[in-house]
Amino acid sequence: LTTMNLADAIRYRTQWTIRRYACDEAFALGQPYDVYVIEGNLLLNAGIAELLDLAIGAGGVTAYSNGNARIGVGDSNAAAAAGQVDLQAAVNKTYKAMAATYPLRAAQTLTFRAVFAAADANYAWEEFVVDNGAAAGKTLNRKVSSQGVKASGQTWTVDVAITLS
């Protein structure tokens, strides 16, 4: 029988921020027409294992760095489950690389950001993930949340802030 001391618990908090811009000009000016914040998500088993391997320097792992990390969006509203390894959408799914300087760490918060430009991911946004690249294929987390339909010509950004304490 194992007992856990409450002091041993790790607090994990995730906040997704979606900024919607009507056009490229509004994006360039930093003038979104809508900002929506979504709390929480589910860490996926493959992503947890990858983070633990990175922490101990185990071989064959890929960092969630600017050169590797991506944010994916898809149109599946299937419930999140820890054993999932990717977006659940069959067809409408898009991954975008990190914006310049992302991910970044400030204190105990790691923030990822991707920009979905005018021609990217123009369909219903129902699910979101962070992974460490097409070749590595380790999806860290998944969030299911209906965010409406991104229209052609609009630019939407997704920020994912993960805080450990």
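The values are calculated or read from the model by the stated rules, or taken from the named source; none is laboratory data. Everything numeric here is computed off the predicted structure, so don't read it as measured data. No Cβ is skipped: glycine too gets one built from the backbone with ideal geometry, and neighbour counts run over all protein chains shown. These area figures cover heavy atoms from the full protein model, side chains too; ligands, DNA and RNA do not enter into them. Shrake-Rupley method; radii C 1.70, N 1.55, O 1.52, S 1.80 Å.
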Quiz item: Can you name the condition, by its number, that residue 140 falls short on among (1) touching a residue at least 40 places away in the same chain (Cβ under 8 Å); (2) open to solvent by 50 Å² or more (accessible area, probe 1.4 Å); (3) over 24 Å from residue 21 (Cα atoms)?
Solution: (2)
Exercise. Would you confirm whether any residue within region 81-103 is touching an Asp or Glu at 6+ places or on another chain (Cβ under 7 Å), surrounded by fewer than 19 Cβ atoms within 10 Å (Cβ to Cβ) and assigned to a loop (DSSP other than H, G, I, E, B)?
Key: yes
Quiz item: Taking residue 12 and the conditions (1) surrounded by 12 or more Cβ atoms within 10 Å (Cβ to Cβ); (2) at pLDDT 95 or above, which numbered condition does it fall short on, given that it satisfies the others?
Solution: (2)
Exercise. Answer with yes or no whether residue 30 is free of Cβ contacts under 8 Å to residues at least 12 places away in the same chain and farther than 21 Å from residue 112 by Cα.
Key: no
Exercise. Determine whether region 106-120 contains at least one residue that is of a type in the set (Lys, Arg), modelled with pLDDT under 95 and either in a strand (DSSP E or B) or open to solvent by 30 Å² or more (accessible area, probe 1.4 Å) (or both).
Key: no
Exercise. Inspect region 124-133 for any residue being over 22 Å from residue 37 (Cβ atoms), of a type in the set (S, T, N, Q), open to solvent by 50 Å² or more (accessible area, probe 1.4 Å) and touching a Ser or Thr at 6+ places or on another chain (Cβ under 9 Å) and give the result as yes or no.
Key: no
Practice problem: Please work out if residue 156 is open to solvent by less than 20 Å² (accessible area, probe 1.4 Å) and more than 17 Å from residue 41 (Cβ to Cβ). | Solution: yes
Quiz item: Of all residues in region 134-165, how many are assigned to a loop (DSSP other than H, G, I, E, B) and in contact with a Ser or Thr (Cβ under 6 Å, 6 or more places away or on another chain)?
Solution: 1
Exercise. Search region 66-80 for residues being among the aliphatic types (A, V, I, L, M) and farther than 16 Å from residue 18 by Cβ, and hand back the single one that is surrounded by the most Cβ atoms within 10 Å (Cβ to Cβ).
Key: 69
Quiz item: Within region 49-60, can you find the residues that are touching a residue at least 24 places away in the same chain (Cβ under 8 Å) and either among the aromatic types (Phe, Trp, Tyr) or open to solvent by 60 Å² or more (accessible area, probe 1.4 Å) (or both)?
Solution: 51
Quiz item: Can you tell which of 46, 28, 63 is surrounded by fewer than 16 Cβ atoms within 10 Å (Cβ to Cβ) and assigned to a helix (DSSP H, G or I)?
Solution: 28
Quiz prompt | So residue 96, is it charged (D, E, K, R) and at pLDDT 95 or above | solution = yes
